[in-house]
Amino acid sequence: MKIPLEPLRGFRDILAPDSTTLRHLMSLFRELVESYGYEEVIPPTLERFELFAIKSGEEIRRSMFVFRDKAGREVALRPEATASIARIYLKHLRAKPKPLRLYYIVNCFRYEEPQRARYREFWQAGIELLGAEGKVADIETINLLINYYEKIKMLDKIVLKIGNIGIYRSMFKHFGLADEEQDHILHLMDKSMYDEALSHLEQRGFNELANKLQELWTTNTIEEAAKILSTINKEAEKQAEYLIEITNIIRDIYPNLALEPDISFARGLAYYTGIIFEVKVPGFPVSIAGGGRYDNLIEIYGDEHVPGVGFAIGLDRTLAALKEKGINLGIERREKATIVLIDEKYTSYAIKLQQLLTSKHVVTDITTSSRISKTLQKIYEKGTRYAIIVGEKEAKENKVTIKNLESRKQVVVQLDRLKKVEKLSNIFEQKQI
RNA sequence: GCCGCCGUAGCUCAGCCGGGAGAGCGCGGGGCUGUGGACCCCGAGGUCCCGGGUUCAAAUCCCGGCGGCGGCCCCA
């Protein structure tokens with residue numbers, strides 16, 4: 001019986017060098033956030049469907065991997081990590097002193113038609129800062145996100161869009177717009193359907209609100225916007241000033257960052273309540289990371305009010321953008337060597353040599369060949385720099401022949417001397433024997 | 001869930017108004033018995049995406065499905 005070899009639709013086999021870079025992106029993220037005091041949470045891949053279904057309709061179900069397990073439970077592969085983090089907080093972490101700093105690196109699943117930079121399984125790395133409100137927490141979060149892109153040499157390639165949903169929440173509240181109406185208007189804004197949003201409001205008799213919004217969206221700077229908002233009420237003005245303040249702080253920390261404060265920016269997510277942000281790469285079709293403040297999210301799952309702020313990085317998309325921009329992360333490469341064993345009689349000699357080299361962190365493999373000419377070529381094409389020839393001549397005298405395949409220089413050294421050097425390249429730097 | 005283009009060797013593809021499955025690159029071996037990238041020779045490798053239909057005959061024409069790329073819906 002023959003099995004089709006292609007992975008399932010929308011799934012991928014990730015091989016080197018992509019696999020190497022992807023894991024590297026994860027390591028850098030882990031290193032960064034751990035040094036800021038974040039602790040890893042590893043949530044289960046499979047959760048109850050209702051965990052994700054809360055506050056979302058059939059549309060969400062369509063794009064999730066949902067099925068019944070053997071006991072008949074309705075379960076889903078996680079489409080994101082934040083819901084699981086909220087659940088984990090309520091189950092295990094309520095009594096912990098706030099704020100809580102949590103991070104995750106997980107694969108997520110969405111049942112969508114595959115298209116550019118969108119797959120059915122993808123990797124997200126993110127943080128959640130729970131139980132902290134205000135400027136410092138918001139800045140900490142945004143700083144970590146930018147800092148990450150700085151570490152992967154993308155600071156000059158990204159645009160950080162930043163807005164404040166709080167502005168709209170306070171305006172809507174002032175004019176008495178119902179929650180569902182609020183989400184609908186934000187949704188239209190997210191899709192840049194501003195005219196539809198305005199006519200929708202006018203139909204419902206919110207003419208003054210519509211006028212104010214229209215005025216707001218024609219402003220060129222957030223300072224102008226703040227002036228208009230000051231004519232509504234103190235809270236709306238405060239929210240606009242907060243956005244200005246946050247923007248100024250980020251500018252101060254990252255003077256070279258392309259920062260795009262946007263008063264009309266609204267991420268579709270129903271649960272955002274304050275600062276929102278998104279990382280885009282000009283020319284790349286989708287945003288590669290995003291996040292914001294969500295002070296009501298935990299309340300959706302439990303009865304406790306816990307403010308939170310966080311972000312998620314699309315690692316696959318970041319990798320794709322990295323490749324598109326031709327950025328080389330310069331992942332530190334260990335020296336690589338291949339032992340060419342000419343006569344299998346000296347197998348134990350070769351294995352001992354391999355142990356010696358690997359203990360010096362040289363990546364070492366063994367090939368047996370009596371035909372050296374083609375073997376050397378193959379080793380070189382694989383990207384291995386050193387060939388170490390082991391045959392009767394070497395084994396009998398406790399020597400090895402080391403050949404640098406790039407310079408084509410070759411030296412014969414005593415095993416004892418090899419034991420003393422730190423790197424193979426050192427042998428070639430010194431005078432040859 | 002919807003739409004468009006595509007699917008032939010490991011890769012890139014030709015063949016497609018019906019009748020023989022092919023090229024280049026790559027891979028393996030040899031020329032060269034312990035030292036390279038060139039060159040020459042030889043070789044392996046295929047359910048022509050799958051299933052059905054039309055036909056004496058289908059890689060080729062028709063239908064359905066699956067998959068790839070991209071767009072829409074959606075994007076938590």
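Counting the residues of the range A:91-102 that are in a helix (DSSP H, G or I) and out of contact with any Leu (no Cβ under 7 Å at 6 or more places or on another chain) gives 2. Checked against (1) at pLDDT 95 or above; (2) in contact with a Gly (Cβ under 6 Å, 6 or more places away or on another chain), A:K135 passes all but condition (2). Applying the set (1) within 9 Å of RNA strand B (Cβ to nearest atom); (2) modelled with pLDDT of 90 or more to A:E74 leaves exactly one unmet item: (1). When A:T20 is tested against (1) under 21 Å from A:I105 (Cα atoms); (2) modelled with pLDDT under 95; (3) over 17 Å from the mean Cα position of the chain (by Cα); (4) of a type in the set (S, T, N, Q), only condition (3) is not met.
So is A:K431 modelled with pLDDT under 85, away from RNA strand B (no atom under 14 Å from the Cβ) and not aliphatic (A, V, I, L, M) or not? So that I can check it myself, show each step before the final result.
Values: modelled with pLDDT under 85: yes; away from RNA strand B (no atom under 14 Å from the Cβ): yes; not aliphatic (A, V, I, L, M): yes.
Here the answer is yes, as A:K431 does meet what is asked.
Candidates in the range A:395-413 are the residues that are over 15 Å from A:Q377 (Cα atoms) and loosely packed, with under 14 Cβ neighbours inside 10 Å; of these, the one that is farthest from RNA strand B (Cβ to nearest atom) is A:N398.
Tally the residues that are farther than 14 Å from A:G163 by Cβ and either among the β-branched types (V, I, T) or part of a helix (DSSP H, G or I) (or both), restricting the search to the range A:214-232. Outline the logic, then answer.
Residues of the range A:214-232 that are farther than 14 Å from A:G163 by Cβ, as a first pass: A:214-215, A:218, A:220, A:223-224, A:227-228, A:230-232.
Remaining after also requiring either among the β-branched types (V, I, T) or part of a helix (DSSP H, G or I) (or both): A:214-215, A:218, A:223-224, A:227-228, A:230-232.
Adding up the residues that qualify gives 10.
Residues that are surrounded by fewer than 18 Cβ atoms within 10 Å (Cβ to Cβ) and either assigned to a helix (DSSP H, G or I) or out of contact with any helix residue (DSSP H, G or I) (no Cβ under 9 Å at 6 or more places or on another chain) (or both) within the range A:141-155 comprise A:N143, A:N147, A:E150, A:K151, listed in sequence order. Criterion applied to A:I379, A:I389, A:I366 was being buried (at least 16 other Cβ atoms within 10 Å of the Cβ) and either free of Cβ contacts under 8 Å to residues at least 40 places away in the same chain or touching a Phe, Trp or Tyr at 6+ places or on another chain (Cβ under 7 Å) (or both), and the one residue passing it is A:I366.
In the range A:172-214, which residue that is more than 37 Å from the chain's Cα centre (by Cα) and among the charged types (D, E, K, R) is farthest from RNA strand B (Cβ to nearest atom)? This residue is A:E208.
With respect to the conditions (1) under 16 Å from the mean Cα position of the chain (by Cα); (2) not in a loop (DSSP other than H, G, I, E, B), A:I88 falls short on a single one, namely (1).
Taking the range A:103-119 as the range and being within 16 Å of RNA strand B (Cβ to nearest atom) and part of a strand (DSSP E or B) as the test, the residues that pass are A:Y104, A:V106, A:N107, A:C108, A:F109, A:Q115, A:R118. Residues of the range A:269-292 that are assigned to a strand (DSSP E or B) and either within 20 Å of A:G134 (Cα to Cα) or of a type in the set (A, V, I, L, M) (or both): A:I275, A:I276, A:F277, A:E278, A:V279, A:A289, A:G290, A:G291, A:G292. The residues of the range A:343-385 that are part of a loop (DSSP other than H, G, I, E, B), closer than 25 Å to A:K423 by Cβ and either within 7 Å of RNA strand B (Cβ to nearest atom) or basic (K, R) (or both), listed by number, are A:K360, A:K382, A:R385.
When A:I60 is tested against (1) outside any loop (DSSP other than H, G, I, E, B); (2) within 19 Å of the chain's Cα centre (by Cα); (3) over 27 Å from A:L322 (Cα atoms), just one condition goes unmet, and that condition is (2). It is to be established whether one or more residues within the range A:265-274 are of a type in the set (D, E, K, R), touching a His at 6+ places or on another chain (Cβ under 6 Å) and within 28 Å of A:A83 (Cα to Cα). No; the residues of the range A:265-274 include none that is of a type in the set (D, E, K, R), touching a His at 6+ places or on another chain (Cβ under 6 Å) and within 28 Å of A:A83 (Cα to Cα). Annotation: A:L144 fulfils all but one of (1) more than 16 Å from RNA strand B (Cβ to nearest atom); (2) of a type outside the set (G, A, S); (3) more than 25 Å from A:L100 (Cα to Cα); the unmet one is (3).
The values are calculated or read from the model by the stated rules, or taken from the named source; none is laboratory data. Because the structure is a prediction, the values reported are computed rather than measured. FYI the Cβ positions are ideal-geometry reconstructions off the backbone, even for glycines, and counts take in every protein chain you see.
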